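The values are calculated or read from the model by the stated rules, or taken from the named source; none is laboratory data. The shown structure was predicted, so the numbers you read here are calculated from the model rather than taken from an experiment. Here Cβ is always computed from backbone atoms with ideal geometry, including for glycine, and neighbour counts include all displayed protein chains. Side chains included, ligands, DNA and RNA excluded: accessible areas come from the protein's heavy atoms. Shrake-Rupley method; radii C 1.70, N 1.55, O 1.52, S 1.80 Å.
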Amino acid sequence: MTLLLVEDDRLLAETLVDALGIAGHEVVHLDNGIDARDRLQGNHRLDMVLLDLNLPGLGGLEVLEALRRHDSSTPVLILTARGAVEDRVRGLDLGADDYLAKPFSLEELEARVRALMRRRAPSGLITVGELSFDSLAQRFSLGDEALALPPREQRLLGCLMRHAGQPVDKATLVREAFGEEELGDNAIEVYVHRLRKRLQGHRVNLRTVRGLGYLLEAP
């Protein structure tokens, strides 16, 4: 799953990005409400939003309200230190799906995320030719066999599969697959090269579209 984390506490955000990444999710982190509102416009291609309420620039409730004007389905989990009942009620009335008060355990957060995703998508299977990705179980299959991948290649391939059939530029891949994780200048090229070798001989292509990015497709 690709998650958007909107949290201005840098230490907490780093902890959550690491924990959710280990759990197999791709995490995009933003630290203010204005950027979050802009990121959530149109076809944002996110599976869930983890949203703090007390944000610089634009409050979390305003971000939620803007999202729900055009998107009623993407799950939103509010993360906030605010304990006032009226804040909780207003967030739920505006369309939040769940509410988790700080401080919380990472185990509880991960359980809430899993529960919301099960509620939203009973089937998380994406298929491109002979390549399949069970996004709920975080498992890849190629042909009739399981495809074991290192974590970074998993994130990159999952992102490419969600964009299957259209070119994805390097900046989008870095943002959606790796969030704020530091990568070397040629890291994406290296991972794409490795994935191409793994996909050789199967009915699925990963090719470079000059000037546009990388395209995953079934021939």
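Values computed for the structure shown
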item: Whole-number accessible area per residue in Å² for the chain, which is evaluated in the context of all protein chains at 1.4 Å; result: 49
item: Rounded percent of accessible protein surface that carbon and sulfur make up, segment 22-129, 1.4 Å probe; result: 49
item: Ala146/Val209 FRET efficiency (R0 25 Å; Cβ-Cβ; nearest 0.05); result: 0.30
item: Among beta bridges that DSSP assigns inside the chain, antiparallel share in %, nearest 5; result: 50
item: Residue-wise HN-Hα coupling along segment 166-177, computed from phi with Karplus coefficients 6.51, -1.76, 1.60 (Hz; x: Gly, Pro); result: 9, x, 10, 6, 4, 4, 5, 4, 4, 5, 7, 8
item: Label zone at Gln41, where the point sits 7 Å out along the Cα-to-Cβ direction: segment 57-83 residues whose backbone N lies under 20 Å; result: 57-74
item: Hull-based mean projected area of segment 1-102, where the convex hull spans the alpha carbons, in square nanometres; result: 5.7
item: Degrees, to the nearest 10: 187-199 long Cα axis against longest axis of the chain; result: 50
item: Space enclosed by the convex hull of the alpha-carbon atoms of segment 29-180, per residue, Å³; result: 129
item: Zone of Arg196's modelled label, taken as backbone nitrogen in segment 171-189 under 16 Å from a point 7 Å along Cα→Cβ; result: 186-189
